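What follows is one structure encoded as structure tokens, with my remarks underneath.
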Amino acid sequence: MHEMALCEGLIQALEEQARAQDFARVHKVFLEIGALATIEPDAMRFNFPIVAKGTLAEGAALEIDFMDASAWCMACSRRVAVKRHGEGCPACGSYQLQILDGAQMRIKQLEVS
């Protein structure tokens, strides 16, 4: 269950930002998770309040948005949308795809005080 570790890393990032930007409380965290990130949103929602207990994010809401994934097809030289790992290019069928985005998780926005 790597979502617990991801939540711990998220809290560390929030604490670093709190020091850098001088805020004391996090009220809401907006995450963006890529379609290829292999992260279970329900597991993130379950683990976040557990990990946040006793931190500046205790009681904070966690909002998750999803980001489409795209890849560069080396065969047809196009940027194409992909929905999962291992699928072929929707334009030409080639499997020579280089993932460009959609495999990451990032903090999109924070509500703080």
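Looking at the chain, the pairs of alpha carbons with a distance over 19 Å make up 51% of the total. Taking 4.7 Å between C-beta atoms as the pairing limit, the chain has these partnerless cysteines: 7.
Per-residue surface analysis assigns residue 113 an accessible area of about 80 Å², computed on protein heavy atoms at 1.4 Å probe radius.
Select from 33, 50, 64 the residue whose mean-square fluctuation is largest in a Gaussian network model of the chain (Cα-Cα springs shorter than 10 Å). The residue with the greatest mean-square fluctuation here is 50. Modelled label positions at residue 28 and residue 75, each set 7 Å beyond Cα in the direction of Cβ, lie 4.4 nm from each other.
DSSP beta bridges fully contained in the stretch 8-84 are about 40 percent antiparallel.
In the chain, what percent of the accessible surface is made up of carbon and sulfur (1.4 Å probe, ligands and nucleic acids excluded)?
About 49 percent, which is the carbon plus sulfur part of the accessible surface.
Approximating the spin labels as points 7 Å out from Cα along Cα→Cβ, the residue 68-to-residue 15 distance works out to 3.9 nm. Using a probe of 1.4 angstrom and keeping all protein chains present, the accessible surface of the chain works out to 60 square angstrom per residue. Dividing the summed -39500 (n - 2.57) terms of all DSSP H runs of n ≥ 4 by the residue count of the chain sets its mean residue ellipticity at 222 nm at -9500 deg cm²/dmol. Rounded to the nearest 10 degrees, the inclination of helix 2-21 to the longest alpha-carbon principal axis of the chain is 60 degrees. In this structure, the amide hydrogen of residue 64, modeled 1.01 Å from its nitrogen in the peptide plane, lies closer than 5 angstrom to those of 31, counting only residues at least 5 positions away or on a different chain.
Out of the trypsin sites (Lys or Arg not before Pro) in the stretch 36-113, which ones are loop residues according to DSSP with at most 12 other C-beta atoms within 10 Å? Those that pass, being in a loop and sparsely packed, are 53, 83, 84.
The values are calculated or read from the model by the stated rules, or taken from the named source; none is laboratory data. The shown structure was predicted, so the numbers you read here are calculated from the model rather than taken from an experiment. We place every Cβ from the backbone using ideal geometry, glycine too, and count neighbours over all the protein chains shown. To get the accessible areas, we keep the full protein, side chains included, count just its heavy atoms, and leave off ligands, DNA and RNA. Shrake-Rupley method; radii C 1.70, N 1.55, O 1.52, S 1.80 Å.
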